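Student: Take this structure, written in structure tokens, and hold onto it; I'll ask about it next.
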Amino acid sequence: MIHIKKEVKKLLKAKPLERYTQSCLETCRDLYSSSIIDLKNSVEAIKDGGYEDAKTWMSSAVDAPGTCEDGFQEGGIRSPISEEDDELFQLTVIALAITSLLG
């Protein structure tokens, strides 16, 4: 999650962007910032045996890549981070599945 947030920041600084693309990337950056906090909270909940809370936090993180991609799709433009979003989605779904098995 931190990697993709850094990639978004790099894209925002790298070159002049169309206003809509910049807006989408800023939204993605904000989503990832929130998701990082959600994942940290889920780790703490797992340590404390709060698996239901952990699943709630992780579910929020699972939604971030799709929400990010939706912005680009609504504007009819190709996301410059679609591969990273796909990978992130898969990883967060796996983490959620494992947490669900724990409790």
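Student: How many Å² of accessible area per residue for the chain, probe 1.4 Å?
Tutor: Heavy-atom SASA per residue in the chain reads 62 Å².
Student: Mind checking the angle between helix 2-14 and the chain's longest principal axis? C-alpha axes, 0 to 90 degrees, to the nearest 10.
Tutor: Roughly 10 degrees between the two axes.
Student: Now for a separate question. Using the Karplus curve 6.51 cos²θ - 1.76 cosθ + 1.60 with θ = phi - 60°, work out ³J(HN,Hα) for each residue of the range 72-80 in order, rounded to whole Hz, and write x for Gly and Pro.
Tutor: These are the phi-based 3J(HN,Hα) values: 5, 5, 4, x, x, 10, 7, 6, x Hz.
Student: May I pose another question? Size of the dipole of the range 1-78 about the Cα centre, Lys and Arg at +1 and Asp and Glu at -1 on the beta carbon, nothing else charged, in debye to 20?
Tutor: The dipole of the range 1-78 has a size of about 600 debye.
Student: Another question, then. Of the accessible area of the chain, with the probe set at 1.4 angstrom, what percent is carbon plus sulfur?
Tutor: That share works out to 53 percent.
Student: Let me ask something else about it. For every other residue with a beta carbon closer than 12 angstrom to the beta carbon of A95, add +1 if it is Lys or Arg and -1 if Asp or Glu, then tell me the sum.
Tutor: Result for the neighbourhood of A95: 0.
Student: Convex hull volume of the Cα atoms in the range 1-45, per residue, in Å³?
Tutor: Cα-based convex hull of the range 1-45, divided per residue, equals 45 Å³.
Student: Now, a different point. Measure nothing but the geometry: give the 0 to 90° angle between the long axis through the Cα atoms of 19-47 and the longest principal axis through the Cα atoms of the chain, rounded to 10°.
Tutor: 10
Student: Tell me what the chain gives for mean residue ellipticity at 222 nm when only DSSP H runs of n ≥ 4 count, each as -39,500 (n - 2.57), the sum divided by the residue total, rounded to 500 deg cm²/dmol.
Tutor: -29500 deg cm²/dmol, from helical runs alone.
The values are calculated or read from the model by the stated rules, or taken from the named source; none is laboratory data. Keep in mind the model is a prediction, meaning the values are calculated, not measured. So basically every Cβ, Gly included, is an ideal-geometry build from the backbone, and we count neighbours across all protein chains shown. Just the protein is used for accessible areas: all its heavy atoms, side chains included, with ligands, DNA and RNA removed. Shrake-Rupley method; radii C 1.70, N 1.55, O 1.52, S 1.80 Å.
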